Every structure is written in C-alpha cells, then in structure tokens.
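Step one of this worksheet: look at the structure below.
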Amino acid sequence: QVQLVESGGGLVQPGGSLRLSCAASGSIFRIYNMGWYRQAPGKQRELVATITRGGMTNYADSVKGRFTISADNAKNAVNLEMNSLRPEDTAVYYCKSAAAASVVAGSVDYWGKGTLVTVSS
C-alpha cells in the first residue's frame, strides 16, 4: 500500500504564489508517474499537471506558463509551484500517483486526501 500526503495549501491573494508538495510512503517498488488534480466546489475533479518518472510533463491549458511540476524520484515526492494565482484556481488539490507496491504487482492509482488552496483578496 502506498500513502500520499500533501502539504502547502492555504490562502493567497490573487497574483500570489504557493508551493504544494506531496510525498509518497509505504510499500513502494516503483512510481511510474505523479501528478496534481484539483476539484473546485460544484465541479468535477480535473487534471492540473503530471510528470512521469522520466521527467515528461503535461499541464492543463489553464495553468500553462503559471504552474510548474517537478519530481524528486529519490524521495518519491512531487512539487507544484503555482505562480500568478487567480481566484478560479481555488480548489482542493489532490496528489495522485501510479505506483507498484512490489515487483510482481501492477500499477495502481493512489490518491492523497487533498489540500485546500484559496485565492482571494
């Protein structure tokens, strides 16, 4: 079993910056990719950014040029640097990882419990 713990959420003014972090722990054989998703009130959960073990990244159009995802494979961690934040970025941000718990196990998606980001003046 893999556990994901997010940190770094909070209240920030429009135009401000926040850094989210997510660390994976538990029985981990290999992490294939990690990423961030978000869910605003009354809306479906959506992809924000993902990064593969090899470093390939993918971003939602709405955050391109403002958010940067990075990974520390040695620490099984992923970060999301968020700049030029807008009120519409307000949401609960969830960390997700595709990981195998053992050499014989297949890849399973794991989710963190989420961290709230509020962008408001």
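The values are calculated or read from the model by the stated rules, or taken from the named source; none is laboratory data. Keep in mind that this is a model prediction, so the values were computed, not measured. Cβ: placed from backbone, ideal geometry, glycine included. Neighbour counts: every protein chain shown. Keep in mind that these areas ignore ligands, DNA and RNA; they rest on the heavy atoms of the full protein, side chains included. Shrake-Rupley method; radii C 1.70, N 1.55, O 1.52, S 1.80 Å.
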With the condition kept exactly as written, say whether any residue in the stretch 12-34 is within 18 Å of M82 (Cα to Cα), among the hydroxyl-bearing types (S, T, Y), over 14 Å from the mean Cα position of the chain (by Cα) and loosely packed, with under 15 Cβ neighbours inside 10 Å.
yes
Could you check the stretch 1-59 and list, in sequence order, the residues that are aromatic (F, W, Y) and modelled with pLDDT under 95?
F29, Y32
Residues (at pLDDT 90 or above and either under 12 Å from A24 (Cβ atoms) or of a type in the set (K, R) (or both)) located in the stretch 91-107
C95, K96, S97, A98
Based on what the data block shows, is N58 of a type outside the set (S, T, Y), open to solvent by 30 Å² or more (accessible area, probe 1.4 Å), out of contact with any Lys or Arg (no Cβ under 7 Å at 6 or more places or on another chain) and without any contact (Cβ under 8 Å) to a residue 24 or more places away in the chain?
yes
So which of R66, R86, R38 ends up being in contact (Cβ under 8 Å) with a residue 12 or more places away in the chain and open to solvent by 60 Å² or more (accessible area, probe 1.4 Å)?
R86
For the stretch 2-43, give me each residue that is more than 21 Å from T118 (Cβ to Cβ) and part of a loop (DSSP other than H, G, I, E, B).
S27, I28, F29
Residues satisfying the stated conditions in the stretch 108-121, i.e. farther than 15 Å from F29 by Cβ, aliphatic (A, V, I, L, M) and loosely packed, with under 15 Cβ neighbours inside 10 Å:
L116
